[in-house]
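This report concerns only the one structure given below.
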Amino acid sequence: MNKILFLPILFLLISCNQKQKQIDPWNNRIAEYQAETEKNKSDIILDTLVFNQNMNGKELTEKYAFGLSELQFYKQFVSENKILEKQILTELHSKTEITYLGKLRDLNNQNSYHVIKNFKTIGIGKMESPRGISNIAFLSDNLEKAIIYRMSLPNELPEKIENNILYFKLESEKVGISILGGLPQMLCLPKIGCN
């Protein structure tokens with residue numbers, strides 16, 4: 001009787017062992033896939049903003065007019081000696097953090113832009129609900145024109161310019177953009193959207 005029970009139990013043990021050997025490679029493949037997915041999350045997403053003449057219009061004219069009204073303020077922060085150096089302006093109920101990121105060359109090699117990020121906190125001090133304004137300013141190389149893009153959140157502001165690419169960091173992902181043919185009325189970025 002024991003011999004009769006022994007054979008089915010032995011068969012079950014061998015069968016389970018074989019199933020486990022089949023499952024292990026699948027578990028390894030799943031782990032490799034998850035590791036690859038995590039690796040890809042930290043990869044850089046690159047895009048080029050392309051401007052063409054069809055984008056000219058009222059919105060772009062208004063964008064340049066607003067930039068012109070803010071140009072004098074931003075000009076004072078363009079300095080090759082202060083690239084990536086945060087400059088802080090404090091007023092009675094606001095604090096402004098401005099960083100000159102350097103010069104970004106248009107891929108057409110005809111234009112280049114001084115890029116400045118600006119985060120202003122309004123309502124510091126006795127005010128109970130502070131608010132923030134996040135801007136990216138692009139000043140023409142000769143400092144005669146500016147386009148300013150308002151971003152939704154301060155973490156959507158760029159971090160640096162490297163190898164003629166403007167880099168943003170969103171969570172664990174790096175997003176880089178280059179510019180071709182000028183600046184449009186809206187700044188559309190991968191993972192961030194249009195502003």
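The values are calculated or read from the model by the stated rules, or taken from the named source; none is laboratory data. Treat the numbers as computed from the prediction; the structure is a model and nothing was measured. Using ideal geometry, Cβ is built from the backbone for each residue, glycine included, and neighbour counts are taken over all protein chains shown. Ligands, DNA and RNA are stripped out before the accessible areas are found, and what is left, the full protein with its side chains, is counted by its heavy atoms. Shrake-Rupley method; radii C 1.70, N 1.55, O 1.52, S 1.80 Å.
Condition first: in contact (Cβ under 8 Å) with a residue 40 or more places away in the chain, over 23 Å from VAL50 (Cα atoms) and of a type outside the set (Val, Ile, Thr). Can you find one or more residues in segment 84-97 that meet it? Looking through segment 84-97, at least one residue is in contact (Cβ under 8 Å) with a residue 40 or more places away in the chain, over 23 Å from VAL50 (Cα atoms) and of a type outside the set (Val, Ile, Thr).
Which of the residues spanning segment 142-152 are touching a strand residue (DSSP E or B) at 6+ places or on another chain (Cβ under 6 Å) and either surrounded by 15 or more Cβ atoms within 10 Å (Cβ to Cβ) or modelled with pLDDT under 90 (or both)?
ALA146, ILE147, ILE148, TYR149, MET151 - these are the residues of segment 142-152 that are touching a strand residue (DSSP E or B) at 6+ places or on another chain (Cβ under 6 Å) and either surrounded by 15 or more Cβ atoms within 10 Å (Cβ to Cβ) or modelled with pLDDT under 90 (or both).
Scanning segment 86-117 for residues being outside any strand (DSSP E or B), under 21 Å from LYS160 (Cβ atoms) and of a type outside the set (S, T, N, Q) gives a total of 2. Residue pairs whose Cβ atoms lie under 8 Å apart, sitting 6 or more positions apart in sequence or on different chains, and linking a residue in segment 45-58 that is of a type in the set (Gly, Ala, Ser) to a partner that is outside any strand (DSSP E or B) and modelled with pLDDT of 80 or more, are GLY57/GLN185. Among the candidates GLU173, GLU156, the residue that is touching a residue at least 24 places away in the same chain (Cβ under 8 Å), open to solvent by less than 30 Å² (accessible area, probe 1.4 Å) and not hydrophobic (A, V, I, L, M, F, W, C) is uniquely GLU156.
Restricting attention to segment 89-131 and to residues that are more than 30 Å from LEU180 (Cα to Cα) and under 22 Å from the mean Cα position of the chain (by Cα), the residue that is modelled with the highest pLDDT turns out to be THR96. Counting only residues that are open to solvent by 70 Å² or more (accessible area, probe 1.4 Å), under 22 Å from the mean Cα position of the chain (by Cα) and under 20 Å from ILE122 (Cβ atoms), segment 65-87 holds 1 of them.
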